[in-house]
Amino acid sequence: MAKASAALCSLILLAGAPVHADSLIENVNGMTLDDDGQVIRFTAMVIDDEGRVKQLLKRKDKRPKQLEFQFDGQGKTLIPGFIDAHGHVMGLGFAALTLDLSATNSLAEAQQALRAYADKFPNRRWIIGGGWNQEKWGLGRFPTAAELDAIIPDRPVLLDRVDGHAAWVNSAAIKEAGITSATRSPSGGSIVKAGGKPTGIFVDKARDLFSRILPAPRPVERDLALMKAQEILLSFGVTTIADMGTSLQDWQSFRRAGDKGQLDVRIISYAGEIDNMIAIGGPGPSPWLYDDRLKLAGVKLYIDGALGSRGALLKRPYADKPGETGLTLLSSAQLKNKMSRAAMDGFQTAVHAIGDKANDEILSAIEELQYTFKGDRRWRIEHTQIVDPTDLPRIARSGAIASMQPVHQTSDRLMAEARLGPDRLDGAYAWKSILESGAKLAFGTDVPVESANPFPGFAVAMTREDDDGQPFGGWLPKERLTREQAWHAYTVGAAYASFAEDRLGSLTKGKRADFLIIREDLLLATPQAIRDINVEQTWVGGQPVYVKKKQ
């Protein structure tokens, strides 16, 4: 972070140089991909006084004689910083500062964590958190308000599901929101009821029924969440992130950090809905700000919900709930109108589509709009999780980018099998098929839905196996990627997805010197070793912004 630790200070002091000065990073096992996905190896890197790569050197190449700063990598591996193509920056920060249930493995563990959190913060009128997953708990159903009431009966509690597409609330919260048995589910949402009464689960737009009564974070709390998010991202080697769903308040936090010189992670924002897009960008996308640290690129829209809450929009009913096909958050006409509004002012669109019907809808919209809005638009489909095999070639033909999150495949595997049934799994998390069709891939984590750590996702993309090596040989193994293909999607591909390939994504001449120092050789390490990689240092623009504390 900008308020450097003692380790960071020592690095900068040893340099004996101003912040912007020509530098030599020497004695490294350097590797990067070029724009075509070919591996480039080097042993030293020259960085110019603007924090860009000036030259990559091999062992026998002459080193520059006049240097202001030299860093000895001690033979360790140097790779480009990761670009997370889909994450939620403030969501990550707030998740770290509120009740986090992502590590709980049962309802009982979640209740225990809730009780401990409530005891720790007795003066908080609302208890807010998230990260729960009834599938991970093996519960076989959604949790209920009564199960929260047993722990906290007297204060409102609202806990978001791990995917952010459902809220679990207690009776006090339901009462405060004025919700009764007579309250109807809003369009694009579902109030789960039993015996005509709300059970405590509010899916997708039904969660908005609580928005007006939830306490809004103060600017100082938002800024603290941003600092925490940056700390986590940099520790995992993420130097750039596409922030999906940026609000005006989020953008103001980013600007405050940039004004103070405290924006270390590069943030490419996609505003949450058209109103935020207009409020932030006005007549068009912003320029790059703060030495390429911040940019408003486009807008994030939603067609459907998530598979776990049965909100993903399917062509045929859910195998485990035959009467349901998911939630339509935008009609075809609404989707095309919003995409047109964005495109007419040059904003890029990134559309959330998980179910096969949702992916069909976004592809149809792109196919229609591309005749009106010509040029390089790079329409983004976020998640692209379940695609009818007959629709897969349409992604490449439409010029769309599949922005996907490999770790979702291992997290969702058993649930996807239950939701879809065995005969509808072709086209699920189909990275290889999408890439071989000629479409572009960009990888991310969807943090805080998953960990911000990109290395497990890198391993999953190669193996389609979880942390325990299951299933052996990989789930739908024909969709495995090569090491280089996975790496490309997390770097060069992710940069391309945000029109940032001219400055980010690789360590080639003229691009920003954003890189990591690790011990393992990324091109030789086993998938399990890749999962376990710990970042020792993270540099952004040729300057150290994270150094791992010595144990």
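The values are calculated or read from the model by the stated rules, or taken from the named source; none is laboratory data. From a predicted model like this one, the values you see are computed outputs, not experimental measurements. When we count neighbours, we look across all protein chains shown, and the Cβ atoms used for this are built from the backbone with ideal geometry, even at glycine. When the accessible area is computed, the model is the full protein with side chains, heavy atoms only, and any ligands, DNA or RNA have been set aside. Shrake-Rupley method; radii C 1.70, N 1.55, O 1.52, S 1.80 Å.
What the table shows:
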read-out: For segment 335-390, accessible area per residue (1.4 Å probe, heavy atoms of protein chains only), Å²; value: 34
read-out: Helix 107-120 axis, angle to the chain major axis (alpha carbon atoms, nearest 10°); value: 70
read-out: Cα-Cα over 24 Å, subset of K432/K511; K136/K321; K120/K260; value: K432/K511; K120/K260
read-out: Relative contact order computed over the chain (Cα-Cα under 8 Å; 6+ residues apart), in percent; value: 18
read-out: Qualifying lysines (Cα of each under 27 Å from Cα of K374; at least 8 residues distant if same chain); value: K295, K300, K336, K338, K357, K440
read-out: Spread of Cα-to-Cα distances over 10 Å intervals beginning at zero, given as percent, for segment 334-422; value: 16, 48, 26, 9, 1
read-out: Scattering profile of segment 366-477 at q = 0.23 Å⁻¹ [log10 I(q)/I(0), Debye over alpha-carbon scatterers]; value: -1.33
read-out: The chain: angle of helix 6-15 to the longest principal axis, Cα-based, in degrees nearest 10; value: 30
read-out: Residues of segment 150-258: accessible area per residue with a 1.4 Å probe, Å²; value: 40
read-out: Reciprocal of mean inverse Cα separation for segment 455-516 (Kirkwood radius, Å); value: 12.9
read-out: DSSP-defined beta bridges in the chain - what % are antiparallel, rounded to 5; value: 45
read-out: Cα pair count fraction exceeding 25 Å, expressed as % - segment 135-258; value: 39
read-out: Degrees separating the helix 219-235 axis from the principal Cα axis of the chain, which is the longest one; value: 60
read-out: Within straight-line cross-link reach of K58, aspartates and glutamates at Cα separation under 12 Å, skipping those fewer than 8 residues along the same chain; value: E26
read-out: Those lysines that a straight Cα-Cα span of less than 22 Å connects to K549, excepting residues fewer than 8 apart in one chain; value: K3, K76, K228
read-out: Percentage relative contact order, segment 189-332, counting C-alpha pairs under 8 Å, at least six apart; value: 17
read-out: Considering only segment 221-371, percent of DSSP beta bridges that pair antiparallel, nearest 5; value: 10
read-out: DSSP-loop chymotrypsin sites (Phe, Trp or Tyr not before Pro) across segment 412-491, with at most 13 other Cβ within 10 angstrom; value: F472
read-out: Cα-Cα separations in segment 294-357 greater than 18 Å, expressed as whole percent; value: 43
read-out: Loop-located trypsin sites (Lys or Arg not before Pro) in segment 303-397 whose Cβ has at most 12 other Cβ within 10 Å (DSSP); value: K374
read-out: Net charge dipole size for segment 367-464 [Lys, Arg +1 and Asp, Glu -1 on Cβ; Debye, nearest 20]; value: 280
read-out: Dipole magnitude (debye, nearest 20) for the chain, charges at Cβ of Lys, Arg, Asp, Glu; value: 560
read-out: All-pairs alpha carbon distance profile, segment 234-355, 10 Å steps from 0, percent; value: 13, 36, 27, 18, 5, 0
read-out: Local net charge near H488, Cβ-Cβ under 11 Å (Lys/Arg +1, Asp/Glu -1); value: -2
read-out: Calculated log₁₀ intensity ratio I(q)/I(0) where the Debye formula runs over C-alpha points of segment 423-551, q = 0.16, 0.18, 0.21 Å⁻¹; value: -0.91, -1.13, -1.43
read-out: Stokes-Einstein D for segment 16-109, Kirkwood Rh over Cα pairs, 10 °C, 1.306 mPa s (µm²/s); value: 96
read-out: Rel. contact order, % - alpha carbon contacts under 8 angstrom, at least six apart, segment 269-374; value: 28
read-out: Of all accessible heavy-atom area on the chain, the percent that carbon and sulfur account for (1.4 Å); value: 51
read-out: For segment 91-172, alpha-carbon Rg relative to the globular expectation (2.2 N^0.38 Å, N residues); value: 0.98
